[in-house]
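> This is the structure I want to talk about, given as structure tokens.
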């Protein structure tokens, strides 16, 4: 192909909101840059083999990428151009084993460690919430003393499923604390609500020192302000990780998820709280449990893309 023809073809196939090879927010792929450090890597983990109700989150990374074509990269509220400040890439999806969760967890850990060695903060697109455990295992090796900020309808502190499974999407936080990956007193949960099996279900959270801002607290200005200030006091200038289970949002705003719980956060409330965390030293994060089969008009996928960008903005500000 002649040089002029090649240039013309590249122009014709350049990415727009609806054209081009789909990457998150039209980022270049990591494989297109073999050399140099990376500031931010967006990584898909299409794994949902450990859900306890509706599957489908393995298709979440693709749906979020598709929706991200509508995103722009400058945050008017936080006044930061995420990808102007950060050398960012889409690292693609990990090819994890869907039949052997131990092998999948090993693959996830290896993928996170590889990106850390490149210098990247990692924003993960899930996948079910069980992937949080191997992510935290790998991340805590590079960043000990993590503070975990969790948006979720569920505490994910179950000990095991009805079938005796100790590793699933409802046990990830408990296993992380049990393994010493994160201290219970450094876990802050926002949006927890709904019915549970019994009052004893919350005993572990209380004993571990997990702090919870339930939906009543979200709507109490004083309680919310104290909770957010406590995060800052505990985290200090140490590393913070943000995990966002999309079922933390009310299903009226995010129907595309496997375990919806009514009475949750609005999209605005969630993003507003995230923005109030500006200035903390965020070194990574994830958006999980987007299940497009249950979505309507892509509103959950669009929210997932927006949340991932908000995490990118928090990381960008922390790297200034």
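The values are calculated or read from the model by the stated rules, or taken from the named source; none is laboratory data. Not measured: the values here are computed from a predicted model. Neighbour counts are summed over all protein chains in view; Cβ atoms, including those assigned to glycine, are modelled from backbone coordinates with ideal geometry.
> Modelled with pLDDT of 95 or more, crowded, with 20+ Cβ neighbours inside 10 Å and over 30 Å from residue 226 (Cβ atoms): is that true of residue 104 in this structure? Explain how you work it out, then say what you get.
Numbers: modelled with pLDDT of 95 or more: yes; crowded, with 20+ Cβ neighbours inside 10 Å: yes; over 30 Å from residue 226 (Cβ atoms): yes.
Yes: the conditions hold for residue 104.
> Same structure again: In the set 208, 225, which member is more than 19 Å from the chain's Cα centre (by Cα) and farther than 15 Å from residue 156 by Cβ?
On the way: 208 fails: farther than 15 Å from residue 156 by Cβ.
Being more than 19 Å from the chain's Cα centre (by Cα) and farther than 15 Å from residue 156 by Cβ holds for just one of 208, 225, which is 225.
> A further question on this structure: Inspect the stretch 66-80 for any residue being more than 16 Å from the chain's Cα centre (by Cα), in contact (Cβ under 8 Å) with a residue 40 or more places away in the chain, part of a loop (DSSP other than H, G, I, E, B) and crowded, with 19+ Cβ neighbours inside 10 Å and give the result as yes or no.
Looking for residues that are more than 16 Å from the chain's Cα centre (by Cα), in contact (Cβ under 8 Å) with a residue 40 or more places away in the chain, part of a loop (DSSP other than H, G, I, E, B) and crowded, with 19+ Cβ neighbours inside 10 Å, one finds at least one in the stretch 66-80, hence yes.
> If you don't mind, another one. Looking only at residues that are out of contact with any strand residue (DSSP E or B) (no Cβ under 7 Å at 6 or more places or on another chain), farther than 19 Å from residue 308 by Cβ and touching a residue at least 24 places away in the same chain (Cβ under 8 Å) in the stretch 227-254, which one is surrounded by the most Cβ atoms within 10 Å (Cβ to Cβ)?
Filtering the stretch 227-254 for residues out of contact with any strand residue (DSSP E or B) (no Cβ under 7 Å at 6 or more places or on another chain) gives 228-229, 232-233, 236, 247, 251-254.
Applying the additional criterion that residues be farther than 19 Å from residue 308 by Cβ yields 228-229, 232-233, 236, 251-252.
If we keep only those that are touching a residue at least 24 places away in the same chain (Cβ under 8 Å) as well, we get 228, 232.
Numbers: 228: 16, 232: 14.
This residue is 228.
> Scan the stretch 110-122 and tell me whether some residue there is under 15 Å from residue 167 (Cβ atoms), touching a strand residue (DSSP E or B) at 6+ places or on another chain (Cβ under 8 Å) and surrounded by 24 or more Cβ atoms within 10 Å (Cβ to Cβ).
Kept after step one, since they are under 15 Å from residue 167 (Cβ atoms), are these residues of the stretch 110-122: none.
No: zero hits.
> Inspect all residues belonging to the stretch 142-164 and state whether any of them is part of a helix (DSSP H, G or I) and closer than 30 Å to residue 29 by Cα.
Going through the stretch 142-164, the residues part of a helix (DSSP H, G or I) turn out to be 142.
Restricting the remaining residues to those that are closer than 30 Å to residue 29 by Cα gives 142.
Yes, the stretch 142-164 contains at least one residue that is part of a helix (DSSP H, G or I) and closer than 30 Å to residue 29 by Cα.
> Given the conditions (1) in contact (Cβ under 8 Å) with a residue 24 or more places away in the chain; (2) part of a loop (DSSP other than H, G, I, E, B), and given that residue 139 satisfies all but one, which numbered condition is not satisfied?
Result: residue 139 fails condition (2) only.
> So, of the residues in the stretch 180-206 that are assigned to a loop (DSSP other than H, G, I, E, B) and at pLDDT below 95, which turns out to be surrounded by the most Cβ atoms within 10 Å (Cβ to Cβ)?
194
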